[in-house]
Amino acid sequence: MVTLYNDVAFDDIKAYKEQNMTTNVWTVNTGWFFSLFWCAGSASVTSSSCQRLQHIEQPYWQLSPAHYLIVWILFDAVSFIWVLIIFVIQISRKHKGKRYQNEEPPERYNYRQFMALEDMNHAQNGVVL
């Protein structure tokens, strides 16, 4: 069977191979595409870029659907946890800011001491001896 690369599904190529039918896919000009049809079980490919494909001795690394699903779920879970951590940090900072809004500021930000010193300075300047 001779077909264009976009006219046949990869599962069909595997099914044809099981029925002892050979497939020739054309025009495959990139290494990853060549590797993909190699893994699908195509008997041959037609290419106008033989110089690119002649050095490929084995298929490029390819994930099986089960491994792809595991990697996809793992990345989704890690991303979800990362977003939750950022969310919790933001909420805790927001609540920390509200906690000091209606209360006396912490000692390191207590400006009343400075005001008292300034008032004492004015009081001393006003007294003439």
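Does S64 satisfy the condition of being exposed (fewer than 12 other Cβ atoms within 10 Å of the Cβ), among the polar types (S, T, N, Q), under 29 Å from the mean Cα position of the chain (by Cα) and closer than 21 Å to N6 by Cα? Here the answer is yes, as S64 does meet what is asked.
Applying the condition of being under 21 Å from L63 (Cβ atoms) and hydroxyl-bearing (S, T, Y) to region 1-53 and asking which residue is surrounded by the fewest Cβ atoms within 10 Å (Cβ to Cβ) yields T30.
Read the figures in this text as sums done on the coordinates, not as results from a lab. Not measured: the values here are computed from a predicted model. Positions of Cβ are backbone-derived with ideal geometry, glycine not excepted, and every protein chain shown enters the neighbour counts.
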